[in-house]
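**Q** Got a structure for you, written out below as structure tokens; questions coming shortly.
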Amino acid sequence: MAPAMPIFEEEIVADDPPPQGEQASEELARDFRDRKDLETYLHALFDDVVGSHADRPHQETLSPFPGGRAEAIDRLAAVKPAQYKRTRNHLDGAVSRLSPYIRHGILSLSEARDDVLERSSPATAEKFVNELAWRDYWQRVYAKIGHGVWEDREEYKTGFVAADYADTLPPALVAGETGLACMDGFARELEETGYLHNHARMWVAAYVVHFLRVKWQAGARWFLAHLLDGDPASNNLSWQWVASTFSRKPYIWNRENLDRNTDGRYCAACPARDRCPLDKSYEALTDELFPNRPVEERT
Amino acid sequence: MTTLVWLHDDALRIPPDLRGQPALYVFDDETIRARHYGLKRIGFIYETLLTLPVEIRRGPTVETVLEIARREGAEAIALTGTPCPHLTATIEQVKARYPVRMIEPTPFVVPHKKLDLKRFSRYWHKVKDQALEPSASLF
Ligand SMILES: Cc1cc2nc3c(=O)[nH]c(=O)nc-3n(C[C@H](O)[C@H](O)[C@H](O)COP(=O)(O)OP(=O)(O)OC[C@H]3O[C@@H](n4cnc5c(N)ncnc54)[C@H](O)[C@@H]3O)c2cc1C
């Protein structure tokens, strides 16, 4: 597993961009028999990045998300706004999985919005459009603060200060070896597919920041290195939202919430099912996690 | 008139009015390292590029973009804007040496008033009605 994560380019506030070498450019291939053929070519070309053979000899290289606009159009056509609204918080809910396409500008937010409004009333489409708006919002914040997405926007509202949080993730978390079936499952899924459901991202982020008391930046770097939709605005600012450095209060969750939204698939077989640290009421967890917070703010 | 369409990570797409123009994407090892792109992300970008009439090159971004623009005899380089500060710095370097035309996709909303970005709820309150109107987006 990757050791401590090096910093990202957006974290470096440089006056001068890195020097461009003298090296001439080369044209890359466009003709491939199939996906496997492309995969072999990419391995030879980029042999020292995350997911290369040297790094992960036994893993599939390409993600389950095929590139290209045709795929994005199919996914958009499959969005059912009413069902989305009802089920989106569940891990098997009718979410679009459009994020890698939107993040890379293959499909625009307005195209996605226009399409669902053609097929459903504004009231039915509202939840989906509202989620698209989150991306527009984060992008606007990014345009304003740039490198600042790596800095705490506000103080933590947890009763702790930034210095109370560790700088790095525990290696067991990244390796998927915490002994908590949910966290281990999400760590593997993140690495193997390059995607996590929104709720899983929130659970992982809250676990990292509030249960492990690690700085959100460490988690954000981990996600960015694996997510196909990884984007310094949506990613970092969502981490800050969970952490409470860009929201009014910290986001936390408990076992009941995860169990319900995953149909028990993690908890039932979890090695820690009889001593789950999340198996508590929100009041008890709040007292435990944020003991320094003024009592009137805790619930 | 020839325009070179420069595709980058925030815009893997050829704007409709530039179809038929030469297009370029550059894999820059410096950028890949700095962004920690893994093979899965590179693969997703590459597969997307294979569906587009675009020349795929590997090299330092600024030099490569200028090299291909000159080779094509392009009067300008066209690309979609981005909030990414590093990409913006790279674009500035190109702008200093070649005519550049910025293109914007149809915005999600065009706020009438200055937006308060402190919280999503404040932003949403101001843009909601507009966000729920179709925009006849072109791209
Ligand atoms: C800790 C954390 C990190 C995240 N990192 C990223 C990231 O790097 N890139 C990214 O695109 N999203 C990120 N998100 C937001 C969200 O989780 C994903 O956009 C969403 O899960 C993608 O799945 P989908 O396409 O099925 O979404 P859907 O629910 O189908 O939503 C449709 C589209 O709306 C946008 N969207 C939905 N929810 C959000 C949101 N909360 N914030 C921003 N855009 C949203 C996405 O473009 C998405 O494709 C993060 C969320 C959290 C909690």
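The values are calculated or read from the model by the stated rules, or taken from the named source; none is laboratory data. Just so you know, these numbers come straight off a predicted model, no measurement behind them. Neighbour counts run over all protein chains shown; Cβ positions are idealised from the backbone, glycine included. Side chains included, ligands, DNA and RNA excluded: accessible areas come from the protein's heavy atoms. Shrake-Rupley method; radii C 1.70, N 1.55, O 1.52, S 1.80 Å.
**Q** Against the condition within 11 Å of chain A (Cβ to nearest Cβ), within 13 Å of the chain's Cα centre (by Cα) and open to solvent by less than 50 Å² (accessible area, probe 1.4 Å), how does B:Leu79 come out, does it pass? Full working, then the answer.
**A** Details: within 11 Å of chain A (Cβ to nearest Cβ): yes; within 13 Å of the chain's Cα centre (by Cα): yes; open to solvent by less than 50 Å² (accessible area, probe 1.4 Å): yes.
Judged against the criteria, B:Leu79 is a match.
**Q** Only one of these conditions is not met by A:Tyr137: (1) within 14 Å of chain B (Cβ to nearest Cβ); (2) free of Cβ contacts under 8 Å to residues at least 12 places away in the same chain; (3) away from the ligand (no atom under 16 Å from the Cβ). Which number is it?
**A** Here A:Tyr137 clears every test but (3).
**Q** Taking the conditions exactly as written (buried (at least 16 other Cβ atoms within 10 Å of the Cβ) and assigned to a helix (DSSP H, G or I)), does A:Ala44 satisfy them or not? Don't jump to the end; show me each part of the working.
**A** On the way: buried (at least 16 other Cβ atoms within 10 Å of the Cβ): no; assigned to a helix (DSSP H, G or I): yes.
So A:Ala44 fails the test.
**Q** Against the definition (at pLDDT 95 or above, more than 16 Å from the ligand (Cβ to nearest atom) and of a type outside the set (S, T, N, Q)), how does A:Asp231 come out, yes or no?
**A** Details: at pLDDT 95 or above: yes; more than 16 Å from the ligand (Cβ to nearest atom): no; of a type outside the set (S, T, N, Q): yes.
Against the criterion (at pLDDT 95 or above, more than 16 Å from the ligand (Cβ to nearest atom) and of a type outside the set (S, T, N, Q)), A:Asp231 does not qualify.
**Q** For region B:87-116, how many residues are over 22 Å from B:Pro134 (Cβ atoms), aliphatic (A, V, I, L, M) and not in a strand (DSSP E or B)?
**A** From region B:87-116, those over 22 Å from B:Pro134 (Cβ atoms) are B:87-102, B:114, B:116; that's our starting set.
With the extra rule that they be aliphatic (A, V, I, L, M), the set shrinks to B:87, B:89, B:91, B:94, B:96, B:100, B:102.
Those still in the list that are not in a strand (DSSP E or B) too: B:87, B:89, B:91, B:94, B:96.
Number satisfying all stated conditions: 5.
**Q** A:Ser52 is checked against (1) away from the ligand (no atom under 13 Å from the Cβ); (2) touching a residue at least 12 places away in the same chain (Cβ under 8 Å); (3) assigned to a loop (DSSP other than H, G, I, E, B); (4) within 7 Å of another protein chain (Cβ to nearest Cβ) and fails just one. What number does that condition carry?
**A** Evaluating A:Ser52 over (1) away from the ligand (no atom under 13 Å from the Cβ); (2) touching a residue at least 12 places away in the same chain (Cβ under 8 Å); (3) assigned to a loop (DSSP other than H, G, I, E, B); (4) within 7 Å of another protein chain (Cβ to nearest Cβ) leaves (2) as the failure.
**Q** To continue, here is another question. Can A:Glu126 be described as within 9 Å of the ligand (Cβ to nearest atom), in a helix (DSSP H, G or I) and either modelled with pLDDT of 95 or more or of a type in the set (Lys, Arg) (or both)? It would help to see each step written out before you state the result.
**A** Details: within 9 Å of the ligand (Cβ to nearest atom): no; in a helix (DSSP H, G or I): yes; either modelled with pLDDT of 95 or more or of a type in the set (Lys, Arg) (or both): yes.
For A:Glu126, the condition - within 9 Å of the ligand (Cβ to nearest atom), in a helix (DSSP H, G or I) and either modelled with pLDDT of 95 or more or of a type in the set (Lys, Arg) (or both) - is not met.
**Q** Something else about it: Can you pull out every residue in region B:89-111 that is farther than 19 Å from A:Ile102 by Cα, open to solvent by less than 50 Å² (accessible area, probe 1.4 Å) and more than 7 Å from every other protein chain (Cβ to nearest Cβ)?
**A** Correct list: B:Ile91, B:Val94, B:Tyr98, B:Val100, B:Pro111.
**Q** Exactly one condition in (1) out of contact with any Lys or Arg (no Cβ under 9 Å at 6 or more places or on another chain); (2) open to solvent by less than 40 Å² (accessible area, probe 1.4 Å); (3) under 22 Å from A:Thr168 (Cβ atoms) is not met by A:Phe211; state its number.
**A** (2)
**Q** Can I ask one more? Looking at region A:115-130, is at least one residue under 23 Å from B:Leu115 (Cβ atoms) and among the charged types (D, E, K, R)?
**A** yes
**Q** Within the set of pairs 6 or more residues apart or between chains, which connect a residue that is over 19 Å from A:Ser238 (Cα atoms) inside region B:111-139 to a residue that is outside any loop (DSSP other than H, G, I, E, B) and of a type in the set (Gly, Ala, Ser) with Cβ atoms less than 6 Å apart?
**A** B:Ala131/A:Ala133; B:Ser135/A:Ser110; B:Ser137/A:Ser110
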